[in-house]
Number of protein chains: 2
Amino acid sequence: MKPKIDLLLTNAIVLTMDEAFRKYDHGGLAIQGDQIYAVGSSEKLREEFEADSVVDCQGKVVMPGLINTHTHLAMNLLRGLADDLRLDVWLLGYIMPVEREFVSPEFVRLGTTLACAELIRSGVTAFADMYYFEDQVAQSAADAGLRGVCSQTILKFKGPDASTYEEALDSAETLIKKWKGHPLITPAVAPHAAYTSTEDILASSRELAVSSDVPLHIHIAETSNEVEECIENYEMRVVHYLEKQGLFSAKTIAAHCVHIDESEMHTLNHHNVGIAHNPTSNLKLGSGIAPVPAMLNAGLNVGIGTDGVSSNNDLDMFEEMRLAALLAKGNTGDPTLLPAKTALAMATRRGAEAIHIAHQTGSLSAGKKADLIMVDISTLHNSPRFHNDPDGVYAQLVYAAKSTDVQDVMVNGKWLMRSRELLTLDVEELLPKAQKIAGKIDRFVSKREQSVYSKLIAVGGAVEQESYEVQAKVKVEDPQAVIKALKSSDLEIIYDRHYHEYDTYFEFEDSEEGWLRYREDEFINDRGEVYDIRYRLTLIGPERERKFPQEVLLSRSRFIAPASHSLRFYREYFQPTGETFIEKDRLRWKVSYHGIDFYINVDRLDDPDLGTFLEVKSRTWSLEDAEKKSEMADDLLNILGVSPQERRTDDYVLIVESESA
Amino acid sequence: MKPKIDLLLTNAIVLTMDEAFRKYDHGGLAIQGDQIYAVGSSEKLREEFEADSVVDCQGKVVMPGLINTHTHLAMNLLRGLADDLRLDVWLLGYIMPVEREFVSPEFVRLGTTLACAELIRSGVTAFADMYYFEDQVAQSAADAGLRGVCSQTILKFKGPDASTYEEALDSAETLIKKWKGHPLITPAVAPHAAYTSTEDILASSRELAVSSDVPLHIHIAETSNEVEECIENYEMRVVHYLEKQGLFSAKTIAAHCVHIDESEMHTLNHHNVGIAHNPTSNLKLGSGIAPVPAMLNAGLNVGIGTDGVSSNNDLDMFEEMRLAALLAKGNTGDPTLLPAKTALAMATRRGAEAIHIAHQTGSLSAGKKADLIMVDISTLHNSPRFHNDPDGVYAQLVYAAKSTDVQDVMVNGKWLMRSRELLTLDVEELLPKAQKIAGKIDRFVSKREQSVYSKLIAVGGAVEQESYEVQAKVKVEDPQAVIKALKSSDLEIIYDRHYHEYDTYFEFEDSEEGWLRYREDEFINDRGEVYDIRYRLTLIGPERERKFPQEVLLSRSRFIAPASHSLRFYREYFQPTGETFIEKDRLRWKVSYHGIDFYINVDRLDDPDLGTFLEVKSRTWSLEDAEKKSEMADDLLNILGVSPQERRTDDYVLIVESESA
């Protein structure tokens, strides 16, 4: 009596994508439960088995499903939000602010579910994800029926799902406990990258991954900038730094690796680190072209990934493997490099190896899970078909076939799509929900873009300063006399400072926006050396009213924020309509006068060269207090030997503008 | 009364792609006959016009059809024939031999018709083609309803449709006469490339193009090799060489331009030469990455093309424009370069400008022909949609949309596809015909690959030599004595030669294949200088019989061919199982002995160093003649002072092999 199996697929071109690249032009597959029971010629399997159900594949290709080795599925809800921008403007100006505002468990659930639909429709059966609220990713994938490595992100700073990295590590631990052993889901921990982790994060993540025997997913050397900073900070390249942290004792998935050298490849190979190559994302963000042929030569398991749709802008692994093959050739000038067969192996078996689930999936071999797709290669854009080259079918799939040629998808023995009809998901129900969130995000971004203040908040927050400002400013011909007067006075000097300041004032079309000042403060010590530098943004509102009798008293908004990015970044992000630059040398004293604190600045304007000014300053939340202080400011000018009659309240930027006009 | 028009499209996102990038989120289009009558808001057009027919576009994008600026449509029948090979092996070993054998008017007709179907299904409304039997391309496109620039190829050597270039030029002239003024077809002349043209071809092509006022289509600087050879031959880069030939006085379409410098860009721009950028083909063949951002900066009209499917392997302009945008960013590290809007303009208006048909098509503007497509951007892989970025819709089309999202296609006011249904072509009828030709090509290639001889023929032909070979060879210790004897003999010396020869013998698994010898002959003059070099392939069959009483007589096949490619090429193409190298110095005399011609060689084997041999040789088609000559060979040895008893017939390759064994 013949052995009985659940399902027999017959009359297919079976590409096993196993190590020997076995293929059967008239092949079939025997499936029992969630597993592949046998692979072989269609005829032989028919003779050998009795099947509950027989599917005639009508000459389609049956092959392992594609494996997307690096993605951020929930970002499907952010597709097309911002494109063609610099990496930092894109990430810090758009993606992260929107994530901070919108990413919630519900957001992740909806985004991932939509992404799962897109993955299935393009022939993907397994993925490695990295995001926030990763438990929701796991649940969505499990519900959709997809196989996934789901990695909880750990950041050294506040993320959408954790105020501290300890919280994120706790989430990772909970995720692992909950999902470990699930037939579809492999939980994992994801310290985001070397440059967004502390050494403690790397150590704790590695310990968690090793003790739980789960993968560790991390971005490595995506940009040349990351490499330069790592060398500057640690005097070694990124892979060597991470090896020093012992990271690779975990089963590591390294995303990108655009900028690694031969010695780093050797290190990665030594530790069996899997590589996720993301060609579209690397091109689109201008990161570069990863040295994939060299990685393959070094023996590395290189898989292919789409990255999130924000930098792709889709999850189409057919496009991705084609691009991987093309780039390797075009970038080296050698068209024999990365042939189609290798590209398809990277998108299947080697991808499974790269994300450490090759024991389950990646090739059609007896004992592996039944994860497969059926592709129609008889369509117009695939025709005609040649047979003289035994590898021709791989070339056809990689260079000519489209994701829309995928007809059927099975994961773990269960059909997820038949004749392009999704069986586990209702896209029509999900799309309007996605569009609703997109509408909210649109309003958030539009509103934010309406004011410099909102953009400042979005890019990292800002602290509001006291509303009332006492500011008396007098041009002085003999600064030494002022300093001498100060030192010989009865004023209690709380501290003194010496700065050299480089200020760039951004102006905006609408003068109601005020100025945004980008300041670099060099801290100078007694020996005249720079011992520290501070970068600050200050948004200075227009003056609200000038009804005060004392002209030294102003009321205006003022927000202050550390400037963690470059002037170039802020220029592109805020798009000012004008700019004024001022360089000055500032001697500052904090003094106490009748128990009230004042700042006294002696500012020498070097660029433009406008001489030296004395400033007496104070700030307060109280109008009453401000009025009292404005009177005292006049006293202070007298004490310092300067006439209050010459005082003015103009900011330096106005003085410079009027002088240059 | 409202003006009456034929057709009104309403409720569309209209992207005009005109110079101002006008777009209408709730737009429409009024079409009268083959022309666009008006573009504007849907509501306004409804008020303004009365239409015979109104089509509600249901929020789809209406935009100009894509323009494929460089392709070889009939090559659709060769899709997937050979991939992942070196350019020369691919072109000279597969594509050109198959073209020589198969390309006929019927082949071109069928291939082009299938290609037109693929173009329409992927949203292309116009193309610039370059191939053989171009009249058939024009007829196929006209029948399909597509707009095309159809360029007849001119080659300096024999092509599939012309024995001489004069014949090809005649075909071009006939093509132009027949099609000039056709509403869809623009005929053109295509001198294939600088390196495949004579100066006369370039001049005649240019004259024809200028006098007929049609475009001239040419490949320029596709590979670095082409540039190097041009510099070697003419001491200038390709564009400068062609400018010197006056080529650019024609309306030129320059395909590829991968390896051009800033000064060449300036020259091309000065002459309003259009560029066809083919990113996939350039990557796939390892040609490199064209400097597109620099070209755009230089003001050049750069369009996008797929090239033929043999190097792509499809005609998908959506993939092509996405790749153009991505490559520019990844290759420069600047993600703001070639934004989606620019990529889409290259694929439409600027493409039309590049192929010199912008007066007809390329943008949706009143007065232009009604060439347009409707794209559904509400599908899963396109969702959600953001509105905050006014250029977001371009990014969506370039980075996320697929060719399969194109729903409807109109050319010249006529629908060619509605809801993805082709209206002018029957693909189901054509595909089996294509598969039949593919089967024949498969058999041709397979059969050819079965023998070294067939592969030699395929790669450029070979001439069969006389069947009978008289060859007496004796090792001599005193070559000067032999030479002295020769000179003092009564033999009439017809000429003498001095060669230095580098021979590589390929061996094959099946000894019946014989050897293939690749020989470099250095011609040495009286002063010992090399004055010429000849490269030759000789296929030496195994000896057929040794029944002859005279051991100096052999019967075997022998084919000779000029070796126009490199040893590396032949090695990869023939895939020998073994190789033997021999370097020797040869003094050769052609002599007449009793009215019969013989060759006398004095060969000093330098590598390996095996001493000097005297050879007496003759070849003939007649056995009787051969038998007579073999007797005379012994006499000659005697005359030269050498004993015929020591003679042997072995080839040097066998002597070397036995010595080294």
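Could you run through region A:380-400 and say how many residues are facing chain B (nearest Cβ under 9 Å) and outside any helix (DSSP H, G or I)? Summing the residues that are facing chain B (nearest Cβ under 9 Å) and outside any helix (DSSP H, G or I) in region A:380-400 gives 8. In region A:449-498, the residue that is nearest to A:Lys584 (Cα to Cα) out of those that are outside any loop (DSSP other than H, G, I, E, B) and acidic (Asp, Glu) is A:Asp496. Restricting attention to region B:366-414, and to residues there that are closer than 19 Å to B:Thr424 by Cα and more than 32 Å from the chain's Cα centre (by Cα), which single residue is surrounded by the most Cβ atoms within 10 Å (Cβ to Cβ)? Among those residues, the one meeting the criterion is B:Ala370.
Please verify whether A:Leu110 is within 14 Å of chain B (Cβ to nearest Cβ) and assigned to a loop (DSSP other than H, G, I, E, B), treating the condition exactly as stated. No. Within region B:89-105, being over 22 Å from A:Lys329 (Cα atoms), touching a residue at least 60 places away in the same chain (Cβ under 8 Å) and either of a type in the set (A, V, I, L, M) or facing chain A (nearest Cβ under 10 Å) (or both) holds for one residue alone: B:Val98. Please indicate, with yes or no, whether at least one residue in region B:65-88 is out of contact with any strand residue (DSSP E or B) (no Cβ under 9 Å at 6 or more places or on another chain), surrounded by fewer than 24 Cβ atoms within 10 Å (Cβ to Cβ), over 17 Å from B:Thr153 (Cα atoms) and away from every other protein chain (no Cβ under 14 Å). No, region B:65-88 contains no residue that is out of contact with any strand residue (DSSP E or B) (no Cβ under 9 Å at 6 or more places or on another chain), surrounded by fewer than 24 Cβ atoms within 10 Å (Cβ to Cβ), over 17 Å from B:Thr153 (Cα atoms) and away from every other protein chain (no Cβ under 14 Å). Candidates A:Phe133, A:Phe107: the one that is over 27 Å from A:Met321 (Cα atoms), touching a helix residue (DSSP H, G or I) at 6+ places or on another chain (Cβ under 9 Å), of a type outside the set (Lys, Arg) and surrounded by fewer than 24 Cβ atoms within 10 Å (Cβ to Cβ) is A:Phe107. Going by the structure shown, is A:Met410 farther than 24 Å from B:Phe107 by Cβ, in contact with a Cys (Cβ under 7 Å, 6 or more places away or on another chain) and at pLDDT 95 or above? So A:Met410 does not fit the description; no.
Within region B:581-595, is even one residue part of a strand (DSSP E or B), touching a residue at least 60 places away in the same chain (Cβ under 8 Å), of a type in the set (Phe, Trp, Tyr) and buried (at least 19 other Cβ atoms within 10 Å of the Cβ)? Checked region B:581-595: at least one residue is part of a strand (DSSP E or B), touching a residue at least 60 places away in the same chain (Cβ under 8 Å), of a type in the set (Phe, Trp, Tyr) and buried (at least 19 other Cβ atoms within 10 Å of the Cβ).
Yes/no matrix, rows are residues, columns are (1) part of a helix (DSSP H, G or I); (2) at pLDDT below 95; (3) within 26 Å of B:His277 (Cα to Cα):
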{"site": "B:Lys178", "(1), (2), (3)": "yes, no, no"}
{"site": "B:Ile218", "(1), (2), (3)": "no, no, yes"}
{"site": "B:Glu226", "(1), (2), (3)": "yes, yes, yes"}
{"site": "B:Glu229", "(1), (2), (3)": "yes, yes, yes"}
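In the set A:Tyr502, A:Tyr531, only one residue is assigned by TED's automatic domain parsing to the domain that holds A:Glu631 and loosely packed, with under 12 Cβ neighbours inside 10 Å; that residue is A:Tyr531. Test of understanding: among A:Val137, A:Val62, which residue is in contact (Cβ under 8 Å) with a residue 24 or more places away in the chain, outside any loop (DSSP other than H, G, I, E, B) and touching an Asp or Glu at 6+ places or on another chain (Cβ under 6 Å)? Only one candidate passes the filter, namely A:Val137.
Of the helices (runs of 4 or more DSSP H) entirely within region B:273-362, those holding at least 3 residues that are buried (at least 24 other Cβ atoms within 10 Å of the Cβ) and modelled with pLDDT of 95 or more occupy B:279-284, B:317-332, B:340-346, B:349-354.
The rows are residues; the columns are (1) at pLDDT 95 or above; (2) in contact with a Lys or Arg (Cβ under 8 Å, 6 or more places away or on another chain).
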{"position": "B:Leu91", "(1), (2)": "no, no"}
{"position": "B:Phe127", "(1), (2)": "yes, yes"}
{"position": "B:Tyr132", "(1), (2)": "yes, no"}
{"position": "B:Gln136", "(1), (2)": "yes, yes"}
{"position": "B:Ser140", "(1), (2)": "yes, yes"}
{"position": "B:Leu146", "(1), (2)": "yes, no"}
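Checking B:Ser488, B:Ser467 one by one, the residue that is free of Cβ contacts under 8 Å to residues at least 24 places away in the same chain and more than 25 Å from the chain's Cα centre (by Cα) is B:Ser488 and no other. For region B:640-652, what are the residues that are assigned to a helix (DSSP H, G or I) and out of contact with any Asp or Glu (no Cβ under 8 Å at 6 or more places or on another chain)? Selection gives B:Gln645, B:Glu646. In region A:280-306, what residues are of a type outside the set (Gly, Ala, Ser), more than 9 Å from chain B (Cβ to nearest Cβ) and farther than 21 Å from A:Tyr399 by Cα? Across region A:280-306, the qualifying residues are A:Met295, A:Asn297, A:Leu300, A:Asn301. Number of residues in region A:509-530 that are at pLDDT below 90 and aromatic (Phe, Trp, Tyr) equals 1. Can you tell me which residue is surrounded by the most Cβ atoms within 10 Å (Cβ to Cβ) among those in region A:181-200 that are at pLDDT below 95 and touching a Phe, Trp or Tyr at 6+ places or on another chain (Cβ under 9 Å)? Looking at residues that are at pLDDT below 95 and touching a Phe, Trp or Tyr at 6+ places or on another chain (Cβ under 9 Å), I get A:Ser197. Applying the condition of being of a type in the set (Gly, Ala, Ser) and touching a residue at least 12 places away in the same chain (Cβ under 8 Å) to region A:423-444 and asking which residue is nearest to A:Glu101 (Cα to Cα) yields A:Ala438. Going by the conditions given, is B:Val459 under 22 Å from the mean Cα position of the chain (by Cα), more than 11 Å from chain A (Cβ to nearest Cβ) and either at pLDDT 85 or above or over 23 Å from B:Asp316 (Cβ atoms) (or both)? So B:Val459 fits the description; yes. Any residue at all in region B:640-652 that's closer than 21 Å to B:Glu522 by Cα and in the same structural domain as B:Pro542 (by TED's automatic domain parsing)? Among the residues of region B:640-652, at least one is closer than 21 Å to B:Glu522 by Cα and in the same structural domain as B:Pro542 (by TED's automatic domain parsing), which makes the answer yes.
The values are calculated or read from the model by the stated rules, or taken from the named source; none is laboratory data. Note that the coordinates shown come from a computational prediction; the quantities given were computed from them, not determined experimentally. Note: ideal-geometry Cβ built from the backbone for every residue, glycine included; neighbour counts use all protein chains shown.
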